[in-house]
Amino acid sequence: MDLPCDDDSADLNTYAEAVAAQQPDDGEPPVVVAHSFGGFTGALACPLVGAAELIYVSAMIPRPAECPGDWWRATGCVAAQREAAATAGYDVEDAVALYYNGVDPAVINAEIERAQSETPSLKPWPAEALPEIPTRFLLFRDDRFFPERFMRGVVADRLGIEPEVTPGGHMAMLSHPAELVDLLTISH
């Protein structure tokens, strides 16, 4: 989805409305798939599009009234990233090592980075609860940005479910697209 990520006036509600505006009207209830920071938007978009299911893919799981910018501290993410980097021997400050581990360098060079406004991180997540629809969480086994052990704890705490595991780092859609598609299209 094309979101107004570089627009400082756009908040999470604006992002969710942008998702809804891009939803095809084919009569089928969609499955919302949310990756990384998109977890905050995906959960908000579900009621706007009449979603049948929400699938978090290595995504941040919101809590009502929690600012997305506070998620890092509330979950202990930064400490988990540093611990995983020290154990595995990579530099947590190296964006390529953190986000793109396992991705072909040619693909990384072709990737277009977008600016991300801080605006959506500053205000509390506006919904009163997560959507009450079937929800899954796909965890990337080799994710350095959201290490597996850390993310299993967040998923258990915030969703109360067991994540499904697939190979790849944080950008597994670039390194293991077939495996990710196979897992996304499994009906539960």
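Values quoted throughout were computed directly from the atomic coordinates according to the rules given, and no laboratory measurement underlies them. All figures in this text were calculated on a predicted structure; none of them were measured in a lab. Ideal geometry is used to build each Cβ from the backbone, glycine not excepted, and the neighbour counts take in all protein chains shown.
Summed over the stretch 15-52, the residues that are assigned to a helix (DSSP H, G or I) and not aromatic (Phe, Trp, Tyr) give a count of 17. Against the list (1) within 19 Å of Pro124 (Cα to Cα); (2) within 17 Å of the chain's Cα centre (by Cα), the condition Asp2 fails is (1). The set of residues in the stretch 154-164 that are closer than 13 Å to Gly76 by Cα and exposed (fewer than 13 other Cβ atoms within 10 Å of the Cβ) contains only Asp157. The residue that is nearest to the chain's Cα centre (by Cα), counting only those in the stretch 53-75 that are of a type in the set (Gly, Ala, Ser) and under 20 Å from Leu138 (Cα atoms), is Ala59. Could you please let me know if Leu139 is within 17 Å of the chain's Cα centre (by Cα), surrounded by 11 or more Cβ atoms within 10 Å (Cβ to Cβ) and assigned to a strand (DSSP E or B)? Considered against the rule, which asks whether it is within 17 Å of the chain's Cα centre (by Cα), surrounded by 11 or more Cβ atoms within 10 Å (Cβ to Cβ) and assigned to a strand (DSSP E or B), Leu139 comes out as yes. Among residues of the stretch 151-163 that are without any contact (Cβ under 8 Å) to a residue 24 or more places away in the chain, those with a Cβ under 8 angstrom from a residue that is surrounded by fewer than 16 Cβ atoms within 10 Å (Cβ to Cβ) and assigned to a loop (DSSP other than H, G, I, E, B), sequence gap 6+ or separate chain, pair up as Ala156/Glu162. If you go through the stretch 115-133 and pick out every residue that is under 16 Å from the mean Cα position of the chain (by Cα) and assigned to a loop (DSSP other than H, G, I, E, B), you end up with 4. Please go through the stretch 165-187 and give me each residue that is among the hydrophobic types (A, V, I, L, M, F, W, C), surrounded by fewer than 21 Cβ atoms within 10 Å (Cβ to Cβ) and in a loop (DSSP other than H, G, I, E, B), ordered by number. Within the stretch 165-187, just Ile186 meets the criteria. Scanning the stretch 145-159 for residues that are of a type in the set (A, V, I, L, M) and more than 24 Å from Gly102 (Cα to Cα) yields a total of 2. In the stretch 1-14, of all residues being assigned to a loop (DSSP other than H, G, I, E, B) and of a type outside the set (A, V, I, L, M, F, W, C), the one that is surrounded by the most Cβ atoms within 10 Å (Cβ to Cβ) corresponds to Asp11.
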